[in-house]
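Report on one structure; see the data block that follows.
Only the coordinates and a few stated rules stand behind these numbers; no lab work does. Treat the numbers as computed from the prediction; the structure is a model and nothing was measured. Backbone-built Cβ (ideal geometry, glycine too); neighbour counts: all protein chains shown.
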Amino acid sequence: MSARTGAAALSAVVVGVLALAGCGGDAGGTGGGDGPYRVVVSGAASAQGVLAANSATSTLSAEAAAKAINAAGGINGRDIELVKIDDGGDATKGLTALQEQIAEAKPDAYLNSGPTTLSAAVLPVLARNNIIFMNSGSSPEAADAEKYPLTFNLPTLPDVQTKAFVPEMEKSGYKSVGILHSNSPFGKAFGDSAPDVFAEAGFEVTGNEEYDGAALDLTAQLSSLKAGNPDVIALNGYGPAIGYAVKGLQTLDWDVPILGDTAVASTNLLATAPPSGLVGSPLVSNLKMQVMRSTSYDAADDRVNAMVEAMSSAGTIKSTLINAWNWDALHLIAAAANKAGSSDAAAIAEAMEDPAVTAEADTAVLSAYNYTADSHASQPGDDEFVFIAPSLLRNGQFGNPDAG
Amino acid sequence: MTLLYSGLSLGAVYALVALGYNLVYLSSRAFNFAQAQLVMVAAFVAYTALVVFRLPWVVAALLAMAVLMVVAVIEERIALRLVTDHHTILITTLGFATLLDGAAERIWGSEALDVPFPGPEGAWSLLGGRLHTVDLALVLLAVLLVVGAHWYRRRFLSGIAIIGMSQDREAATLRGIDVRKLALITFAVSGALAGLMGAFVGPKTFALTTLGASMALKGFVALAIGGFGSLYGGLLGGFTVGIVEQVSARYLGAEFSHISVFAVLMLVLLVRPRGVFGRVRERVV
């Protein structure tokens, strides 16, 4: 081999090694550049019951959003490519599926369909790989902007929802309140925060009772609350517990008004007509439940109606729009990328910390998220929540006159 | 008084589950961990008959009894008949319970379904307290079934045969009793009774897939308090658990509800290790 040939061969080897080193920085390469904007959507496709229905709505909202955004030019010119993975509602399964995707081709963004256990499991992996995470399983830890600069909570934390009770209680002229909550993590958070929130707002808290989520009768807890004679009961719970609560009130011959939280509004009994449900029953005549404004039908709300139309044309909406977070997730990314003029993860995250950007995004589940450089918690105004009577669901919304 | 009624009503639910445990225990010396799940499935069957097919309540209850009798026979065939060790039966019946939980969720979903009950809607007053019709019906059903089962065991030849079989299976066989057939019949009867119970329990608790798990543990505690194999003991145990649960939730808080129930259980077992009505059998060697 001549000296010239040897030098050329060495150069080729060096160039090759450098090229390989350049590719090896991220596991499996990145979706960046001019290719499609790759978004992994994790959902509990193989689950059953409520979890499956919620997950189906979550995934459907992502599909509808991707179609709408791609039609409008994509994420900074890049079409969204959705990759759906099945986590079965199980954190271990979801984490494994994500790691497989990262090994195959690193996604630009990751969306999930809710369980906080799954969010907690994938959070460090997504942070380590610099992937935007729009988190449907909100937690205080995930909202830490310093620790997780690329992660943004979509649902509000429990204290925000509790604070939204105050305007409704003031409007109704209540002076005192009794609290009834489950022993689930969400219920305990409600039971911890509600007394302080209500007391600070000037209400007398006459009682704070907890019940076991597996309880079959709540007469005892309601009897305790009745002894305090509150003007209203603030209720947290889900599923049969709501039925036990209203039956317990009937047993005690107590017609106190009830304000239920968003968990109460997710209860199918309150979205189904008798005989299998309670809509229109005298049992729930005193009950109002907290929903996001988008979950209550309004013919004049163009943004929400556009989302509903896009989702219903893509498939059947199987649960309330409270699970349609991924519509907002992709629109927030699109707005931030447009503002930043880049689809780079760090640039998108920085743009998303500007409240003006999230306010202008075509989100529908919430109209504003108000992320800041210090906190990536979703912080909408109190007016994002309304209290409504139970009614039948249509296209994931309560109060639609066409629902029957 | 209202609290006492709700405690008795809840206790009747546990007592009914304990009765099912006892019937199988007396005939097979086996503990059927799927008993509460049989009641849960019965609540769903009653719901389907009443709401989907709009059948009269009595027909729905009979249908639930028939369906659950078949399910119980299937359980006996696959979870008991093939197993000889009583300890293994705990596992196989637990497996069958899990199977029923999964099948119920697959068929009826995981949401609570309201099961109608005949009689006046709403609660009404009785002796200074208030209760729903179904609460009273549950208490009466529990008492009637226990008294009926006890009477049957004492008055009918097959009932006496069951007593003999429970005391010494081999001796009963030598006396000409077909223990396998009798065990199967008892299992079928316990299934039919579970069907009837479901038509009463569903209107109080709703039909839901977690119902079996909610009832199973407290039913077992009722049995332990009353004494394994004692029909009246199971009834007393059920009412005790229900009342203690409600009273402690009212005056101590829900977080003390379970603790109070298990404190009573420990107290009973310390004083009477075989339960209030449990008998110590001496064996002559």
If every alpha-carbon in region A:103-205 counts as one equal scatterer, what log10 I(q)/I(0) does Debye give at q = 0.13, 0.16 1/Å? -0.59, -0.76
Pop the C-beta distance of A:Ala389 and A:Thr96 into the FRET formula with R0 = 51 Å and round what comes out to the nearest 0.05. 0.70
Where in chain B lies the longest segment free of chymotrypsin sites (Phe, Trp or Tyr not before Pro) that are both loop residues by DSSP (not H, G, I, E, B) and have at most 15 other Cβ atoms within 10 Å? B:157-285
Over chain A, volume per residue of the alpha carbon convex hull, in Å³: 148
Stokes-Einstein D for region B:106-206 at 37 °C, 0.692 mPa s, Kirkwood Rh over Cα pairs, in µm²/s? 198
Taking the alpha-carbon distance from A:Lys171 and a cut-off under 21 Å, which lysines remain once sequence neighbours fewer than 8 residues away in the same chain are dropped? A:Lys163, A:Lys288
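Rounded to the nearest 5, what % of DSSP beta bridges with both residues in the protein assembly as shown are antiparallel?
The answer is about 25 percent antiparallel.
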Viscosity 0.890 mPa s, temperature 25 °C: give me the Stokes-Einstein translational D for region A:120-179 in µm²/s, with Rh taken as the Kirkwood radius over C-alpha pairs. 181
Run the Debye formula on the Cα coordinates of region A:256-404, all scatterers equal and no solvent, and tell me log10 I(q)/I(0) at q = 0.10, 0.19 1/Å. -0.41, -1.10
D (Stokes-Einstein, µm²/s), Kirkwood Cα radius, the protein assembly as shown, 0.890 mPa s at 25 °C: 88
Take A:Thr117 and B:Ser158, extend 7 Å from each Cα along the Cα→Cβ direction, and tell me the distance between the two endpoints in nm. 4.6
Let me know the Kirkwood hydrodynamic radius for region A:160-233, please, with Cα pairs as the basis and the value in Å to one decimal. 12.6
Identify the trypsin sites (Lys or Arg not before Pro) of region A:97-186 meeting these criteria: DSSP loop state and at most 15 other C-beta atoms within 10 Å of the C-beta. A:Lys147, A:Lys175
Based on C-alpha coordinates, I'd like the Rg and Dmax of region B:2-208, in Å. 17.8, 57
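Of all beta bridges DSSP finds with both residues in chain A, what is the antiparallel percent, to the nearest 5? Walk me through the intermediate numbers first.
Values: 8 of 43 bridges.
Within chain A, antiparallel bridges account for around 20 percent of the total.
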In whole angstrom, largest first, the equivalent ellipsoid semi-axes that the Cα gyration tensor gives for region B:162-232 are 30, 16, 9
So if R0 is 35 Å, what FRET efficiency would A:Asp255 and A:Ala300 give, r being the distance between their Cβ atoms, rounded to the nearest 0.05? 0.55
In Å, the Kirkwood hydrodynamic radius of region A:290-331 over pairs of distinct alpha carbons? 10.8
At R0 = 22 Å, how high is the FRET efficiency between B:Arg175 and B:Arg29 if r is their beta carbon distance? Nearest 0.05 is fine. 0.80
